[in-house]
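For reference, the structure discussed in these notes is given below.
The values are calculated or read from the model by the stated rules, or taken from the named source; none is laboratory data. Note that the coordinates shown come from a computational prediction; the quantities given were computed from them, not determined experimentally. These accessible areas exclude ligands, DNA and RNA; they are computed on the full protein's heavy atoms, side chains included. Shrake-Rupley method; radii C 1.70, N 1.55, O 1.52, S 1.80 Å.
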Amino acid sequence: MKRFIGIALVVVMVISMVGCTTTETDTGTDSKKVTVGVSMPTKSLQRWNQDGENMKKILEEKGYEVELEFAENKTESQISQIENMITKGAEVIVVAAIDGSALTNVLDSAKKDGIEIIAYDRLIMNTDAVSYYATFDNYNVGKIQGEYIEEKLGLKDGNGPFNFEIATGPLDDNNVVFFYGGAMDVLQKYIDNGQLVVRSGQTTREQAATPNWDEQEAQARMDNILTAHYTDERIDAVLCSNDSVSLGVQSALKSAGYGTSDKPMPILTGQDANIANVKAIIAGDQSMSVFKDTRALAEKVAEMVDAIVNGEEAEVNDTETYFNGVKVVPAYLLEPKFVDKTNYKELLIDSGYYTEDQLR
Ligand code: GAL
């Protein structure tokens, strides 16, 4: 009997040791789960749905309790959702900001409660409450788009003049500074020397902005530009900073009769490789997009969460670029990839990002 009790005790001890080790590696605390808040800007764009779901899945697999919210592109909603996460005892909050400059107060109160913040994809401005930033190399996104237009039009060889327009993102998204900046560092010289002619005259980030990255806004602006400046002229290329803007521009162009063999679509860029846009690339309506693998971004952010919870430093690869008005936020930048008709299968289907059926 004594022997049996002895064995039973050893078994119980071993089981509880294994139990402890698992919880420790997972979240760095005892059996109580650590809560992580994930605040996404909107459900209206494909990418943020994917980002949110990926984050939730990866964090839950690691043993965290996840509070995931989407804010319908309304800053007030995002603020109250973050306030809720604070109340619910989140230890880390991951935020993809709608307006990067509007979260200072709410993040200050998070910081007072000892909560750490990770900026997801978009930098959060004017606060020292943000510990890390994970994103794609945003400057490179713009550069890839600019170089594509440069190459397709043969601008380096002196070709032109070509009619060209710009449609970028909202002024409150810090990424746009880099998207626009990276593209214009390639293209501005051709505007200056006359190889690219912007008939609308709308070349600044402010003039070319699209509020909320909204497809209808992009379409309405391009409708106006086409009516006012292109009744007798053909447009050759439009720099579109992302896929939703690109779709809006495509609708405007189609209403103006583009997309036929007589009047083919101009060169059109994009970003995100959204399903509707990959279909447009396959159909020949959009020329290219920039693929940002949101699975890799979510993995990176989950690693940052682990580091914070375990009291360690997270891995970063940029400690210079992302000054938010108060501090340079240590960042991890992932590489964006060029995608077009020639490589979408390999990049998007073979990697398991989409199934062939989704793109039909
Ligand atoms: C940007 C983001 C892009 C794009 C856009 C619209 O901040 O980096 O990938 O999705 O917002 O949501």
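The long axis of helix 294-309 is offset from the longest Cα principal axis of the chain by roughly 40 degrees.
Classify the chain as rounded, prolate or oblate from the Cα gyration tensor: take a ≥ b ≥ c as the square roots of its eigenvalues, call it rounded if a/c is under 1.5, otherwise prolate when a/b beats b/c and oblate if not. It would help to have the intermediate numbers written out before the result.
Details: a/c = 2.67, a/b = 2.07, b/c = 1.29.
Prolate.
With a/c under 1.5 counting as rounded, go ahead and sort segment 24-108 into rounded, prolate or oblate using the C-alpha gyration tensor (a ≥ b ≥ c being the square roots of the eigenvalues; past the cut-off, prolate if a/b is larger than b/c, else oblate). Taking the square roots of the gyration eigenvalues as a ≥ b ≥ c, segment 24-108 is oblate. Each residue of segment 280-291 was assigned a 3J(HN,Hα) from its phi angle through the Karplus curve 6.51 cos²θ - 1.76 cosθ + 1.60 (θ = phi - 60°); the sequence is 5, 5, 4, 6, x, 7, 10, 7, 7, 9, 10, 8 Hz, with glycine and proline shown as x. Semi-axes of the equivalent ellipsoid for segment 138-292, computed as √(5λ) from the eigenvalues of its C-alpha gyration tensor and ordered from largest down, come to 19, 19, 16 Å. The length gained by stretching the chain between K263 and T227 to full extension, at 0.36 nm per residue less their Cα-Cα distance, is 11.4 nm.
Once the 1.4 Å probe is applied to the protein heavy atoms, the chain comes out at 45 Å² accessible per residue.
With contacts defined as alpha carbon pairs under 8 Å and 6 or more residues apart, what's the relative contact order of segment 138-292 in percent? Kindly include the intermediate steps, with their values, before the conclusion.
Details: 286 pairs, mean separation 39.0, N = 155.
In percent, rounded to a whole number, it is 25.
Seen against the Cα atoms of the chain and their longest principal axis, helix 2-27 is set at about 30 degrees.
Measuring nothing but protein heavy atoms, the accessible surface of the chain at 1.4 Å probe radius is 50 percent carbon and sulfur. The sum of -39500 (n - 2.57) across all DSSP H runs of n ≥ 4, divided by the residue count of the chain, sets its helix-only mean residue ellipticity at 222 nm to -13500 deg cm²/dmol. Phi angles across segment 164-171 convert, under the Karplus curve 6.51 cos²θ - 1.76 cosθ + 1.60 with θ = phi - 60°, into 3J(HN,Hα) values of 9, 10, 10, 9, 10, x, x, 6 Hz, Gly and Pro given as x.
A convex hull fitted to the Cα coordinates of segment 211-304 yields 95 cubic angstrom per residue.
Counting only protein chain heavy atoms and rolling a 1.4 Å probe, the accessible areas of Y139, Y258 rank, largest first, as Y139, Y258. Between the helical axis of 243-255 and the dominant principal axis of the chain, each derived from Cα atoms, what acute angle in degrees is found, rounded to the nearest 10? Once rounded, one gets 30 degrees.
The amide H of E65, built 1.01 Å from its N in the peptide plane, has V34, T35, V36 as neighbours under 5 Å, considering only residues 5 or more places off or on other chains.
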